[in-house]
Amino acid sequence: MSKHRHFIIHKPYGYLSQFVNNQNRRRNKKLLGELYDFPEGTMAIGRLDQDSEGLLLLTTDGKVSELVRSKKVEKEYLVRLDGIINDKAISSLKNGVDISLDNGIYRTQTCTASILNAAPLVKERSKKIRDERHGPTSWITMTIREGKFRQVRKMTAVVGFPTLRLIRARIGNVCLGELELGHVTEIEKFIL
């Protein structure tokens with residue numbers, strides 16, 4: 001039996017978290033396989049939507065994928081918001097909010113969230129978000145243990161501060177750190 005392989009990638013903005021474009025209407029999309037020659041059977045663990053960036057784990061081991069996607073493992077995000085978020089909105093995020101999913105309304109679990117007093121040291125996104133003429137922005141950090149479709153974006157919108165930029169910084173004990181945008185690192189195993 002061949003040994004499983006594991007990878008950490010800094011997913012850039014504009015890429016889909018998949019290897020095959022299985023949507024006829026979405027041509028010319030950027031896929032992960034363009035960034036590295038992954039072995040057959042490699043899968044993204046969880047996803048980051050096309051507009052999101054940051055840490056993405058990939059593996060050939062389905063059991064590892066299942067563990068990471070479980071509610072046992074924390075996922076931490078840096079989030080740039082439209083407007084200057086306040087303590088009331090942060091408290092709502094921490095306590096859980098109702099978001100819409102395909103099968104109805106879902107109450108998010110409690111999480112950690114805090115306001116960042118200064119913008120994190122991250123490179124500018126390849127596609128400009130907007131400039132100061134459109135109003136102020138703020139940054140928060142959020143850590144969740146679940147991963148519903150576009151969950152963080154939906155949560156911040158519900159409390160009145162839509163997400164402008166979303167960067168996953170950590171999954172369990174695996175951190176994005178200084179991994180350059182678009183780079184891939186193969187590791188022996190994930191220590192979550």
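The values are calculated or read from the model by the stated rules, or taken from the named source; none is laboratory data. Only a predicted model underlies this, so the values are computations on that prediction, with no experimental measurement involved. Glycine also receives a Cβ, built like all others from the backbone with ideal geometry; neighbour counts cover every protein chain displayed.
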Q: Search the stretch 32-55 for residues being surrounded by 19 or more Cβ atoms within 10 Å (Cβ to Cβ) and among the aliphatic types (A, V, I, L, M), and hand back the single one that is modelled with the highest pLDDT.
A: LEU55
Q: Just need a number here: residues in the stretch 108-134 that are farther than 22 Å from GLY54 by Cβ and loosely packed, with under 10 Cβ neighbours inside 10 Å.
A: 3
Q. Restricting attention to the stretch 18-29, does a residue exist that is at pLDDT 90 or above, over 23 Å from GLU180 (Cα atoms) and of a type in the set (S, T, N, Q)?
A. no
Q. Can you name the residue in the stretch 56-78 that is free of Cβ contacts under 8 Å to residues at least 60 places away in the same chain and charged (D, E, K, R) and, of all such residues, is surrounded by the most Cβ atoms within 10 Å (Cβ to Cβ)?
A. ASP61
**Q.** Sole residue being hydrophobic (A, V, I, L, M, F, W, C), surrounded by 12 or more Cβ atoms within 10 Å (Cβ to Cβ), at negative phi and in contact with a Ser or Thr (Cβ under 6 Å, 6 or more places away or on another chain), chosen from LEU81, LEU176, LEU101, LEU181
**A.** LEU81
Q) Only one residue in SER100, SER65 is closer than 17 Å to VAL174 by Cβ and either assigned to a strand (DSSP E or B) or not β-branched (Val, Ile, Thr) (or both). Which one? A) SER65
